[in-house]
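Q: For reference, the structure I am asking about is given below.
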Amino acid sequence: MNWQAVVESTVTGLGYELVDCERSAKGLLRVYIDRVANDPAGEFIVVEDCEKVTRQLQHVLEVEGCAYERLEVSSPGLDRPLKKQADYERFVGQEIDLALKVAFKGRKHYKGTLEALPEGWRLVFPDGKTETALDFSLQEVKEARLVPQLDFKGRRFLPATESDVGNAATADEVDGDHKQ
């Protein structure tokens, strides 16, 4: 069994999705994992997930005789790459950055919302004053990644209860933006 098959079977056996794995110079083995779609454990990979996969991979790679010097297991990041058909299916409706292998109308790079077609995929993006669409197949894609959706405030306000009314602060006061 080759090292890629060992990594994939181990990661999927632990209930995660293997996004990518690569070997680089000096024996470094990098493994990118993600949660499977609709995972009840949450949406994001945390340190404990990486530790769990690392421990299991260290054991399995040694048993299988797969040589490596260093192992790194991490999440794919907020700009997760789309590699397989299943990735595209999972992230329909999301904004992605798309790079084509061959330029179309003088452009190789596009950013827009991913849609599924009966035969292939469509990227819908604003192009000036109108919406434009680019239909493509996976064979035409050089690289595709999710566009990170960042929430810098990171706060979700809950509805106020009656006991909170007397002590209520405005959102600006909570965030430290006192208006004077």
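Q: Roughly how many nanometres apart are two label points built 7 Å out from the Cα toward the Cβ at D20 and T130?
A: About 3.5 nm separates the two model spin labels.
Q: Once segment 85-146 is represented by equal point scatterers at the alpha-carbon sites, with solvent omitted, what log10 I(q)/I(0) does the Debye formula produce at q = 0.13, 0.30 Å⁻¹?
A: -0.29, -1.56
Q: Still on this structure, I have one more. At a 10 Å Cβ-Cβ cut-off, how would you order V124, V102, fewest neighbours first?
A: The most exposed by this proxy come first: V102, V124.
Q: Shifting gears a bit: What nm distance separates the two modelled labels at D79 and A99, each placed 7 Å from Cα along Cα→Cβ?
A: Distance between label points: 1.0 nm.
Q: Let me ask you something else. Which value results when the Cα radius of gyration for segment 1-149 is divided by 2.2 N^0.38 Å?
A: Compared with the compact-globule rule of thumb, segment 1-149 sits at 1.20.
Q: Let me ask another. Once R0 is set to 30 Å, what does the formula 1/(1 + (r/R0)^6) return for the Cβ-Cβ distance between A5 and K108, expressed as a FRET efficiency to the nearest 0.05?
A: Calculated transfer efficiency: 0.35.
Q: So what's the gap between the Cα centers of segment 27-74 and segment 114-143, to the nearest angstrom?
A: First find each Cα centre; the distance between them is then 33 Å.
Read the figures in this text as sums done on the coordinates, not as results from a lab. Computed from a predicted structure; not experimentally measured. FYI the Cβ positions are ideal-geometry reconstructions off the backbone, even for glycines, and counts take in every protein chain you see.
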